[in-house]
Every structure is written in C-alpha cells, then in structure tokens.
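Below is one structure; the comments refer to it alone.
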Amino acid sequence: LKTGFDQQPLPYVYSALEPSIDTLTMDIHYNKHAAAYSKNVKEAAVAESVDTTKPLEDVLGKISKYSVKMRNNAGGHYNHELFWKLLSADTNTQPSVKLLAATVAGFGSLDEFKKQFTTAATTRFGSGWAWLIYNSDKKLSIVSTPNQDNPLMDIAEIKGFPLIGLDVWEHAYYLKYQNRRADYITSFWKILNWNTVNDRFNSI
Ligand code: MN
C-alpha cells in the first residue's frame, strides 16, 4: 500500500463516476491538478536529494524537514493517488464487518460517522481534505487538514493512517456543483469504494 512518486493510471474512465462526478472535472482534476503535484514533487525530490525509489510516506512522516514546495506537492500527490482509489462506479460496496464494528465503536453508528465526516468536510474553511484516520491509540477519528496536508505528516495536528480522504478543494467539484459543496459530499457517499477502505483497514 506504499505510494510512489509517479502518477498511476486512473482506475476507471473519466466518465465512470457520472453523474456524481462529471467527466470534465475528472479529466482536469486528474490530468492537470493531480499530474502537477506528481511533476512538482519529483522536482522537489531532485532539489532536496530525496530517493524516489523509497515510499513517499517516508517523506510525509518528516515533512517538516523539507521545503514548502515539497510539503504541498508530496501531500497533493499522496492525497490524489489515494482519492482515485477511494471512488468507484460500483455504488453497492459496503464496510466490512470489522470496519463497521470499529465505526460503531467510534461513532455510535455508520450514519452518525457519515454525519460527523460530512460536517468536517463541509466546515473545512477554504481548500483542504476531510479524513477518517486510524490513530496510534487504535481508534478511528475524523479530522480535516488545510491545503494538501494530510494526517501522515509530522506537522499534522492529529496524526493517523488515512482510511478515507475527501478532497474539498473547489477544483474537485466547482464545474458541476459550483458553491454547493454539501451536494458534492452527498454524491461522494454514493461512489465511495468501501472495498478500498476495508483493504486499508485490514492492512494496519
Ligand atoms: Mn484535488
């Protein structure tokens, strides 16, 4: 589950997530925004003598030692590589028994988890991400981060392993949803690939 520095192929066609995410948004988001993070993190790696044969996670864990360019683009690249895998045209995936149990233990119910995550995503001011993370104290938590930061970074207020990440930058939804971030988040739940979340939870 480690992440490299190169952009991986999108695991579906640009139109696959219609109508929840429109084709043009997916095309621009993947080919312009996300591609730039990968290009720029590789530039920063050259400039800052980072071995790109090692996982990107190694850099994220000590991101405070690197430049702002590295922070923004290492985060941006990691976050998007994860995000694409968290989406699917299959709208029938479900949390595993194990993940559901952890969700109930952490939040009371799956619905209550979704409600709290939605609030975190809705109220993140400006650009950033909402996350479901698994903490070092072996609990699930909902957090949000600004810009392209993420909970693997040593500078994160609350650290943990990301199980779900939702991009709430306007570039992720503006063409279709304009200012209606809440509607985009409602659509996100329909296309969230719980199989990916289950795999990540099983990996820790
Ligand atoms: Mn994005």
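The values are calculated or read from the model by the stated rules, or taken from the named source; none is laboratory data. On a predicted model such as this, the values are computed, not experimentally measured, just so you know. Here the Cβ is made from the backbone with ideal geometry for all residues, glycine too, and neighbour counts use every protein chain on show. Surface accessibility is based on the protein's heavy atoms, side chains included, excluding ligands, DNA and RNA. Shrake-Rupley method; radii C 1.70, N 1.55, O 1.52, S 1.80 Å.
Odds and ends about this structure:
- Shown for the chain: the carbon plus sulfur share of the solvent-accessible area, taken with all protein chains present and a 1.4 angstrom probe, equals 53%.
- Partner lysines for residue 139 [C-alpha distance under 27 Å; skip if fewer than 8 residues away on the same chain]: 2, 62, 85, 98, 114, 115, 159, 190
- Loop-resident sites, region 1-63, for trypsin sites (Lys or Arg not before Pro), counting at most 13 other Cβ within 10 Å (DSSP): 2, 62
- Gyration tensor (alpha-carbon) shape descriptor, region 134-204, a/c threshold 1.5: oblate
- Alpha carbon centroid spacing (whole Å) that separates region 72-132 from region 35-55: 27 Å
- Calculated from backbone phi, Karplus (6.51, -1.76, 1.60) coupling profile of region 122-137 in Hz, x at Gly/Pro: 6, 9, 4, 6, x, 9, x, 9, 10, 9, 9, 10, 9, 7, 5, 8
- Estimated vicinal HN-Hα couplings, Hz - region 42-51 in sequence order (Karplus 6.51, -1.76, 1.60; Gly, Pro = x): 5, 4, 5, 5, 4, 5, 10, 6, 9, 7
- Translational D in µm²/s for region 104-164 (Stokes-Einstein at 20 °C, 1.002 mPa s, Kirkwood Rh from C-alpha pairs): 183 µm²/s
- For residue 163, the amide hydrogen comes within under 5 Å of the amide hydrogens of 132, 133, 134, counting only partners 5 or more places away or on other chains and with H modelled in the peptide plane.
- The calculated P(r) of the chain, using every Cα pair and 5 Å bins from 0, goes 1, 8, 16, 21, 21, 17, 11, 5, 1, 0 in percent.
- Estimated dipole of the chain in Debye, rounded to 20 [Cβ of Lys and Arg +1, of Asp and Glu -1, Cα centre]: 260 debye
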